[in-house]
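Undergrad: Take this structure first; my questions come after.
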Amino acid sequence: MILGSHVHFGKEQLLGAAREAISYGANAFMLYTGAPQNTVRKAIEIDYINDAKKIMEENNISIENVICHAPYIINLANKEKIDSWNFSISFLKNEIKRCESLGIKYIVIHPGSSVNLTKEEGINNIIEALNIIITNDTKCMILLETMAGKGSECGRTLEEVKLILDGVNSQNIGVCIDTCHLNDAGYNMAEFDEFLLGFDKIIGINNIKCVHVNDSKNVLGAHKDRHENLGFGTIGFSALLNIINHEKLKNIPKILETPYVSREEGEKQLVFPPYNFEIEMIKKGIFNPNLIEDIREYYK
Ligand code: FE
Ligand code: FE
Ligand code: ZN
């Protein structure tokens, strides 16, 4: 089982991220190389990489199972404001360089939102941008994440993702499926074998390089994108466990992006990561209906 969560890339960069993953009992992890919601980035420091590699080796974490996620504000689909489109391209290029210096092999992007443009125009803009970004020297593979279809998001259907993959000249591109997004997009995760058959027909199962495992706060086809802790949403624990343990996705990293658990303390609202508890629950294979209370109690 290759399983982890998203973690922080703080002061100690890859080392801090690896330590956090290890503390959750994970053997994979995903990071943003800075804040997910902005493009402020600190220089990569080599010392942390070497120390990180050491503790990763000791804890059986392969760099193949470390995923980067590009910030949300990158939008390759909309060219109306040409400056922001150009900025997204150059920022993503730079983010890929950062991944390469860290030794990271995969970077997940949200394909983008077409805003006032048509879906078709949006998709064509994404393709044009990716053909600028991916060159023969690009070592890191971009993974297109399947989206919930909120607003004007491109990449809600497998057919849209396929159009983008087909338009990109390079083979160095793959897909990250997100169970919450797929549910919200209208794909029933309780019938995952059927979904995979369809995926294989349209895109090809070998293109899946990462799975985001999240439950959803919303019903099938809601086009919302609000993640929920495993077993506390509309997808449910057994459907998600089946995906995590699926034979055909055995060697693919599964990454939790479930919400932090909050607790009021006086005026303050404190939040705690659920990942060590969720990972333990997955390894046991038994749903814990008291998970949220257990987390609140543990961090008291
Ligand atoms: Fe994402
Ligand atoms: Fe995701
Ligand atoms: Zn999401």
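The values are calculated or read from the model by the stated rules, or taken from the named source; none is laboratory data. Note that the structure is predicted; figures quoted are calculated from it, not measured. Ideal geometry is used to build each Cβ from the backbone, glycine not excepted, and the neighbour counts take in all protein chains shown. What goes into the accessible areas is simple: the full protein's heavy atoms, side chains included, and nothing from ligands, DNA or RNA. Shrake-Rupley method; radii C 1.70, N 1.55, O 1.52, S 1.80 Å.
Undergrad: Scanning for something within 26 Å of Gly151 (Cβ to Cβ) and either out of contact with any strand residue (DSSP E or B) (no Cβ under 7 Å at 6 or more places or on another chain) or more than 14 Å from ligand 2 (Cβ to nearest atom) (or both), does the stretch 234-248 turn up at least one residue?
TA: Within the stretch 234-248, one or more residues are within 26 Å of Gly151 (Cβ to Cβ) and either out of contact with any strand residue (DSSP E or B) (no Cβ under 7 Å at 6 or more places or on another chain) or more than 14 Å from ligand 2 (Cβ to nearest atom) (or both).
Undergrad: Right, here's the next one. Here is a list of conditions, (1) part of a helix (DSSP H, G or I); (2) out of contact with any Phe, Trp or Tyr (no Cβ under 9 Å at 6 or more places or on another chain), and Gly198 meets all of them except one; can you say which number that is?
TA: (2)
Undergrad: Can you tell which of Cys140, Cys154, Cys176 is modelled with pLDDT of 95 or more, among the hydrophobic types (A, V, I, L, M, F, W, C) and within 13 Å of ligand 1 (Cβ to nearest atom)?
TA: Going through Cys140, Cys154, Cys176 in turn, just one is modelled with pLDDT of 95 or more, among the hydrophobic types (A, V, I, L, M, F, W, C) and within 13 Å of ligand 1 (Cβ to nearest atom): Cys176.
Undergrad: Now a separate question. Read through the list (1) over 16 Å from the mean Cα position of the chain (by Cα); (2) surrounded by 15 or more Cβ atoms within 10 Å (Cβ to Cβ), then give the number of the only condition that Gly151 fails.
TA: Condition not satisfied by Gly151: (2).
Undergrad: Same structure again: Just checking, which of Asn214, Asn124 is within 16 Å of ligand 1 (Cβ to nearest atom), among the polar types (S, T, N, Q) and in contact (Cβ under 8 Å) with a residue 40 or more places away in the chain?
TA: Within the list Asn214, Asn124, the selection yields Asn214.
Undergrad: Kindly indicate whether any position in the stretch 215-231 is away from ligand 2 (no atom under 14 Å from the Cβ), in a helix (DSSP H, G or I) and modelled with pLDDT of 95 or more.
TA: No, because not a single residue in the stretch 215-231 is away from ligand 2 (no atom under 14 Å from the Cβ), in a helix (DSSP H, G or I) and modelled with pLDDT of 95 or more.
Undergrad: Would you check which residues across the stretch 251-281 are part of a helix (DSSP H, G or I) and without any contact (Cβ under 8 Å) to a residue 40 or more places away in the chain and list them?
TA: Phe277
Undergrad: Go over the candidates Asn251, Asn242 one by one and state the one that is within 18 Å of the chain's Cα centre (by Cα) and under 26 Å from Glu194 (Cα atoms). Please lay out each step first, then the result.
TA: Values: Asn242 fails: within 18 Å of the chain's Cα centre (by Cα).
Just a single option satisfies the conditions, and that option is Asn251.
Undergrad: Moving on to the next point. Given the criterion in contact with a strand residue (DSSP E or B) (Cβ under 7 Å, 6 or more places away or on another chain) and modelled with pLDDT under 95, identify the matching residue among Thr33, Thr39.
TA: Checking each option against the conditions leaves just Thr33.
Undergrad: From the set of residues in the stretch 256-275 that are open to solvent by 30 Å² or more (accessible area, probe 1.4 Å) and within 22 Å of Asp178 (Cα to Cα), which is nearest to ligand 2 (Cβ to nearest atom)?
TA: Pro259
Undergrad: So, Thr179, is that one of a type in the set (Val, Ile, Thr), open to solvent by less than 60 Å² (accessible area, probe 1.4 Å) and within 16 Å of ligand 2 (Cβ to nearest atom) or not?
TA: When the stated conditions are applied, Thr179 passes them.
Undergrad: A further question on this structure: Which pairs turn up if I take residues in the stretch 89-112 that are among the aliphatic types (A, V, I, L, M) and look for partners that are open to solvent by 10 Å² or more (accessible area, probe 1.4 Å) and in a loop (DSSP other than H, G, I, E, B) with beta carbon separation below 8 Å, at least 6 apart in sequence or on another chain?
TA: As it stands, the answer is Leu92/Ile74; Ile96/Thr138; Leu102/Ile44; Ile109/Ile74, since those pairs meet every condition given.
Undergrad: When you scan the stretch 120-178, how many residues do you find that are assigned to a loop (DSSP other than H, G, I, E, B), farther than 13 Å from Ala77 by Cα and in contact with a Gly (Cβ under 9 Å, 6 or more places away or on another chain)?
TA: Final tally of qualifying residues: 5.
Undergrad: Something else about it: With (1) under 19 Å from the mean Cα position of the chain (by Cα); (2) open to solvent by less than 50 Å² (accessible area, probe 1.4 Å) as the list, and Tyr187 as the residue in question, which single condition is left unmet?
TA: (2) is the only condition that Tyr187 fails.
Undergrad: I need a count of the residues in the stretch 76-88 that are more than 17 Å from Leu143 (Cβ to Cβ) and at pLDDT 95 or above.
TA: Residues that pass the stated criteria total 9.
Undergrad: State whether one or more residues within the stretch 282-289 are part of a helix (DSSP H, G or I), free of Cβ contacts under 8 Å to residues at least 60 places away in the same chain and more than 21 Å from Asn183 (Cα to Cα). Steps first, please.
TA: Taking the stretch 282-289 first, the residues part of a helix (DSSP H, G or I) are 282-284.
Narrowing further to those that are free of Cβ contacts under 8 Å to residues at least 60 places away in the same chain: 284.
Narrowing the set further to residues that are more than 21 Å from Asn183 (Cα to Cα) leaves 284.
Yes, the stretch 282-289 has at least one match.
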